[in-house]
1. So for the chain, if I pair up every lysine 8 or more residues apart or on another chain, how many of those pairs have alpha-carbons under 28 Å apart?
2. Sort ILE77, ILE205 so that the residue with the fewest other Cβ atoms within 10 Å of its own Cβ comes first and the one with the most comes last.
3. Among the GluC sites (Glu not before Pro) within the stretch 129-227, which fall in a DSSP loop and have no more than 13 other Cβ atoms within 10 Å of their own Cβ?
4. Given labels modelled 7 Å from the Cα in the Cβ direction, how far is it in nm from THR2 to THR16?
5. Mind giving me the nanometre distance, one decimal, between the label points for GLU218 and THR178, set 7 Å out from Cα along Cα→Cβ?
6. Using modelled backbone amide H atoms (1.01 Å from N, in-plane), which distant-in-sequence or interchain residues come within less than 5 Å of VAL90's amide H?
7. In which sequence would LYS12, LYS236 go, from the one with the fewest C-beta neighbours within 10 Å to the one with the most?
8. Convert each backbone phi in the stretch 205-215 into a coupling constant with the Karplus relation 6.51 cos²θ - 1.76 cosθ + 1.60 (shift: θ = phi - 60°), then list the ³J(HN,Hα) values in order as whole Hz, x for Gly and Pro.
Amino acid sequence: MTRRKLVAGNWKMHGTSADLDEIRAIADAAERLKGRVDVALCVPATLIHRASDAVPGFPIGGQDLHHQEKGAHTGDICAAMLHDAGASLVIVGHSERRDAHREEDEHVRAKAESGLRSGLSVILCVGESDADRSAGRAVEVVSRQLDASLPREGAAGSNFSVAYEPIWAIGTGKIPSTAEIAEMHSALRERLIAAYGAEGQSVRILYGGSVKPSNASEIFAIDDVDGALVGGASLKASDFLPIVEAAAT
């Protein structure tokens, strides 16, 4: 099955209004490649409104959301607030949230379901630690994590993606071998089909973790790699756009 690749940038805790020109440059290039690759940027919540105003029609997303629609949740943001700010997608379950904020699989699943119910596209992250990889448990751990985090409904098609991000590769410059990436993405595809039947074939599986211009083409050539979730290399158009162009080809 042919799935158009998605390259999404995760700016994490970077970005102010001074960086809107970078967003404009990325959006302009994405428009030129429209139909060949999907591109999005997930920026800090404080920047969503200004970014979406600066690049109308280009997908701007959030990096997290609360699963409740409203309530006494100081500092949190819900799906309706993301929509109101101009977001069209959201990341859930990133390892930095799972670790630093102690998010369990059930919380991640609830967040994914909330985002999908509201009409947001959702990128659900999973990944193993260095210890799990070294012990030969990577596929087992990530498959179990995915099974427990998957939303129960509404997750087929282009509105839902899974991002495999080995924790030990994020921001380290290290990366799994092409064989290891292929093995993991194949296992995740099996789990998606087990959960959703034939519709599991339509879910894009992204790779994330030290993706950069020098390795993007090799990564995108691997079976069942349907794009990338890019961290530090997405902050500058000059770094991000070669990755986008590699996905387009």
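1. Close lysine pairs found across the chain: 17.
2. Details: ILE77 19, ILE205 22.
Least to most surrounded, the residues fall as ILE77, ILE205.
3. Details: sites: GLU140, GLU153, GLU180, GLU183, GLU190, GLU199, GLU218; in loops: GLU153.
For GluC sites (Glu not before Pro) across the stretch 129-227 that sit outside H, G, I, E and B with at most 13 neighbouring Cβ atoms in 10 Å, the list reads GLU153.
4. Result: 4.5 nm between the two label points.
5. Roughly 0.8 nm, to one decimal.
6. GLY62, SER121, VAL122, ILE123
7. Working: LYS12 19, LYS236 13.
Ascending Cβ contact count within 10 Å gives the list LYS236, LYS12.
8. Calculated HN-Hα couplings, in order: 10, 9, 9, x, x, 6, 6, 8, x, 6, 10 Hz.
Rule-based calculations on the coordinates, nothing more; no lab input. Everything quoted here is computed from the prediction, not taken from an experiment. Heads up, the Cβs are rebuilt from the backbone with ideal geometry, glycines too, and the neighbour counts pull from every protein chain shown.
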